[in-house]
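Everything on this sheet refers to the single structure shown next.
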Amino acid sequence: MSETVIHFFKEYGEWAIIISLVLNIVIGILGVVPTVFITAANIMFFGFWNGTILSFIGEALGAIAAFLLYRKGFRQVSRDKLKGYPGVVRLLEARGQEAFLLILSLRLLPFVPSGFVTFASAIGAVSAGTFVIASSIGKLPALILEAYSVYNVTEWNTEGKVILGIAAVVGIYIFVSKRKN
């Protein structure tokens, strides 16, 4: 997938930044597609730091766009359906500093889907400003780790091989565990 994105970057060079940002926004709105292939394309095409910064901006814009769309379209219907889940209700009712810390904490946890955090925040009571700041700060460490991993894997150096090996072992473990259940 990264090769396809890089091809578009090369083909439409003057539009490459816009293409990257639009792809990140679409993925942010979808909420379930990982952004790693865009991060990889950005790093390979724009270089490590420029690609990482572009990916960060794109992911932040994607989260903002998703937040606004989810808030507009799903707020009341979803809140009514989620009242039976106390953990979710806490996030839905959080405001101010509590909302900021919850969103930041959830963004820092690698196993919490980004789309879930955005959706729950959008249908909740948190302000758009609080969401944007907490979400962006929370995305930064994960994106830097992702960019570092992608860079080392694409360079195929020792660190990249170790990262890929660990990812393979974890993937196999998850696959085998789910097959047993």
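The values are calculated or read from the model by the stated rules, or taken from the named source; none is laboratory data. From a predicted model like this one, the values you see are computed outputs, not experimental measurements. Neighbour counts run over all protein chains shown; Cβ positions are idealised from the backbone, glycine included. For accessibility, only protein heavy atoms count, side chains too; no ligands or nucleic acids. Shrake-Rupley method; radii C 1.70, N 1.55, O 1.52, S 1.80 Å.
A compact table of results
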{"item": "Condition check for Val126: open to solvent by less than 80 Å² (accessible area, probe 1.4 Å), without any contact (Cβ under 8 Å) to a residue 24 or more places away in the chain and not polar (S, T, N, Q)", "result": "no"}
{"item": "In the range 31-58, the residues that are within 15 Å of the chain's Cα centre (by Cα), open to solvent by 20 Å² or more (accessible area, probe 1.4 Å) and at pLDDT 90 or above", "result": "Ile53, Phe56, Ile57"}
{"item": "Residue under evaluation Ser177, criteria (1) surrounded by fewer than 21 Cβ atoms within 10 Å (Cβ to Cβ); (2) within 23 Å of Thr52 (Cα to Cα); (3) of a type in the set (Ser, Thr, Tyr), criterion not met", "result": "(2)"}
{"item": "Breaking point among (1) under 21 Å from Val26 (Cβ atoms); (2) in contact (Cβ under 8 Å) with a residue 12 or more places away in the chain, for Leu91", "result": "(1)"}
{"item": "Test: residue in the range 164-172 that is surrounded by fewer than 20 Cβ atoms within 10 Å (Cβ to Cβ) and either under 12 Å from the mean Cα position of the chain (by Cα) or in contact (Cβ under 8 Å) with a residue 24 or more places away in the chain (or both)", "result": "no"}
{"item": "Condition check for Ala134: more than 14 Å from Ala60 (Cβ to Cβ) and either of a type in the set (A, V, I, L, M) or open to solvent by 60 Å² or more (accessible area, probe 1.4 Å) (or both)", "result": "no"}
{"item": "Residue under evaluation Phe74, criteria (1) modelled with pLDDT of 85 or more; (2) among the aromatic types (Phe, Trp, Tyr); (3) farther than 21 Å from Lys139 by Cα, criterion not met", "result": "(1)"}
